[in-house]
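The values are calculated or read from the model by the stated rules, or taken from the named source; none is laboratory data. Keep in mind that this is a model prediction, so the values were computed, not measured. With ideal geometry, Cβ positions are generated from the backbone for all residues, glycine too; neighbour counts draw on all protein chains shown. In case anyone asks, the SASA skips ligands and DNA or RNA and just uses the protein heavy atoms, side chains included. Shrake-Rupley method; radii C 1.70, N 1.55, O 1.52, S 1.80 Å.
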Amino acid sequence: MREAGRINATVLATVKELLKPGVSTADLNAAAEEVLRKHGCKSPFKGYGHPPFPASITVSINQELVHGIPSKSRKLKNGDIVSVDCGTILDGFVADSAFTAGVGEISREAQTLLEVTRGALYAAIEKMRVGNRTGDVSAAIQKYVESRGFFVTREYTGHGVGRQMHEGPQVPNYGKAGTGVPLKAGMTIAIEPMVLVGTAETRVLPDQWTVVSADGSLTAHFEHSIAVTEGDPLILTDL
Ligand code: MG
Ligand code: MG
């Protein structure tokens, strides 16, 4: 999983370099697939779900929270914030990670949103310790985000990750400390704060995949796959 995570991080770093005005979201997917192919890896996203997801990354811009479908006609613009989510399968093990970054110059609100969402991820990772429960992780995300005036999604959650992309336990972005599944050394969980500026409510576009904020406000998403150890939490999807 560590190696799958390292390759996944390489994919995301490659895509991040390409976030420039005029680049299409299909171009980002093509670059991601090239890195996966080079490492002999498969995508857990491609063909996933109903209708089958057609690409190896999801690219979600501005009010799009998650699950945006790459397209040749969708081009990045100065001031956009772009969420890229990628999974990697290596030797039957899955890594799952996401980031949001700006294109060119972004608004102060967008910058704050990125900082808060990323901060929530690291506040959550800090709770990924033996002796804590999944509710401690969820509560850390919710508190971090809501105390800064933003909202967490109720509909999409973090999750166990391993031989499958989505395994138990679910780790919502809200919850009560001291509740949920006890964390044990060796558990591997994808933690993924999904944060919205104006409302917690979302809707799915007619393409049946793209999730947007119900009020059209900006959104962001950061994710790492984490291993719980006897010591500090191990981020598997960092370079
Ligand atoms: Mg993901
Ligand atoms: Mg995930």
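Once both labels are modelled 7 Å past Cα along the beta-carbon direction, what's the Gln111-Glu146 spacing in nm?
Output for this residue pair reads 2.9 nm.
About its Cα centre, how strong a charge dipole does the stretch 66-118 have in debye, to the nearest 20, once Lys and Arg get +1 and Asp and Glu get -1 at the Cβ?
320
With 27 Å as the limit, write out which pairs from Lys143/Lys184; Lys46/Lys72; Lys16/Lys72; Lys75/Lys127; Lys42/Lys143; Lys46/Lys127 have Cα-Cα distances beyond it, or answer none.
Lys75/Lys127; Lys42/Lys143; Lys46/Lys127
For Ser73 and Glu230, what does the FRET efficiency come to when R0 = 35 Å and r is the distance between their Cβ atoms, rounded to the nearest 0.05?
0.10
Provide the FRET efficiency to the nearest 0.05 for the Ala177-Arg2 pair, computing r from the beta carbons and using R0 = 25 Å.
After rounding, the FRET efficiency stands at 0.30.
Report, in debye and to the nearest 20, how large the dipole of the chain comes out about its Cα centre when Lys and Arg carry +1 and Asp and Glu carry -1 on their Cβ.
Taking the Cα centre of the chain as origin, the dipole is about 140 debye.
Write down the accessible area per residue of the stretch 2-235 in Å², having rolled a 1.4 Å probe over the full set of protein chains.
Dividing the accessible area of the stretch 2-235 by its residue count gives 44 Å².
Most fluctuating residue of Asp207, Asp27, Asp80 in a GNM of the chain with Cα springs under 10 Å: which is it?
Maximum fluctuation in the GNM of the chain, among the listed residues, is at Asp207.
Can you give the charge dipole size of the stretch 45-133 about its Cα centre, rounded to the nearest 20 debye, using +1 on the beta carbon of Lys and Arg and -1 on the beta carbon of Asp and Glu?
100
What FRET efficiency, computed as 1/(1 + (r/R0)^6) with R0 = 22 Å and r the Cβ-Cβ distance, is obtained for His39 and Glu167, rounded to the nearest 0.05?
0.45
Give me the accessible area of Lys127, 1.4 Å probe, in Å² rounded to the nearest 10.
Accessible surface of Lys127 is approximately 90 Å².
Taking the chain on its own, what percent of its Cα-Cα pair distances exceed 22 Å?
Across the chain, Cα pairs with separations above 22 Å total 49 percent.
When the accessible area of the stretch 1-59 is split by element with a 1.4 Å probe, what percent falls to carbon and sulfur?
Whole-percent figure for carbon plus sulfur exposure: 55.
Gly68's amide H: which non-local residues (gap 5+, or another chain) put their own amide H closer than 5 Å, with H modeled 1.01 Å from N in plane and none for Pro or chain starts?
Correct list: Val59, Ser60, Val211.
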